[in-house]
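What follows is calculated from the coordinates using simple rules that are stated; it is not laboratory data. The structure presented is a predicted model; accordingly, all values stated were derived computationally and were not measured. Note: ideal-geometry Cβ built from the backbone for every residue, glycine included; neighbour counts use all protein chains shown.
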Amino acid sequence: MTSYDRGDVILVDIAFSGSVGYKRRPAVVISADDFNTAGIKLIVAAITSKVSPPFRPGDTLLSDWSAAGLVKPSAVRGVLATVDKFDVVRNLGTLTVQDWTAVEKGVAHILGFLIASP
């Protein structure tokens, strides 16, 4: 089975909440690497190409979206999901350090965690 790291951008089949079916969406892996290797689950944040305001708490515009393997300007949403590795269609790329740092802050914000500023 393929391994996944924090910051990897993947294409994944995400199940609809409360109904039958799924939608194929890009997402970024946010779970820690030891969690990712310990089982069949990944924790991901949704990625959208709808990048115009208003933004919700936790939403993060990606500066280097093309470097992450995305085909148009995108944002990571403050929407988290747990997915099976078997539902990953393919790896698209990896967030840059700058974008990953911004995403990490956005996720920490929606979860109420504090991240120290440098």
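For the reader, a short list of remarks on this structure follows.
- Taken over region 41-54, residues that are over 18 Å from Thr101 (Cα atoms) and either buried (at least 17 other Cβ atoms within 10 Å of the Cβ) or not polar (S, T, N, Q) (or both) amount to 6.
- Every residue from region 1-54 that is acidic (Asp, Glu) and more than 22 Å from Val71 (Cα to Cα): Asp33, Asp34
- Across region 52-104, the qualifying residues are those that are basic (Lys, Arg) and farther than 16 Å from Ile30 by Cβ, and the one among them that is nearest to the chain's Cα centre (by Cα) is Arg90.
- Qualifying residue in region 57-78 (condition: among the basic types (Lys, Arg) and free of Cβ contacts under 8 Å to residues at least 24 places away in the same chain): yes
- Selection of region 16-32 for residues being in contact (Cβ under 8 Å) with a residue 24 or more places away in the chain, over 9 Å from the mean Cα position of the chain (by Cα) and closer than 16 Å to Val88 by Cα yields Tyr22, Arg24, Ser31.
- Under the condition of being surrounded by 15 or more Cβ atoms within 10 Å (Cβ to Cβ) and basic (Lys, Arg), the residues counted in region 19-38 number 1.
- Residues in region 91-118 that are in contact (Cβ under 8 Å) with a residue 24 or more places away in the chain, of a type in the set (A, V, I, L, M, F, W, C) and in a loop (DSSP other than H, G, I, E, B): 1 in all.
To keep it simple, each residue is scored yes or no on (1) farther than 25 Å from Leu114 by Cβ; (2) in a strand (DSSP E or B); (3) touching a Gly at 6+ places or on another chain (Cβ under 8 Å).
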| residue | (1), (2), (3) |
| --- | --- |
| Thr2 | yes, no, no |
| Ile10 | yes, yes, no |
| Lys23 | yes, yes, no |
| Ala27 | no, yes, no |
| Ser31 | no, no, no |
| Asp64 | yes, no, no |
| Leu70 | yes, no, yes |
| Val76 | no, yes, yes |
| Val89 | yes, yes, no |
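- Scan of region 91-107 for residues that are among the hydroxyl-bearing types (Ser, Thr, Tyr) and farther than 17 Å from Ile10 by Cβ, ordered by number: Thr101
- Exactly one residue among Phe16, Phe86 is in contact with a strand residue (DSSP E or B) (Cβ under 8 Å, 6 or more places away or on another chain) and surrounded by fewer than 16 Cβ atoms within 10 Å (Cβ to Cβ), and that residue is Phe16.
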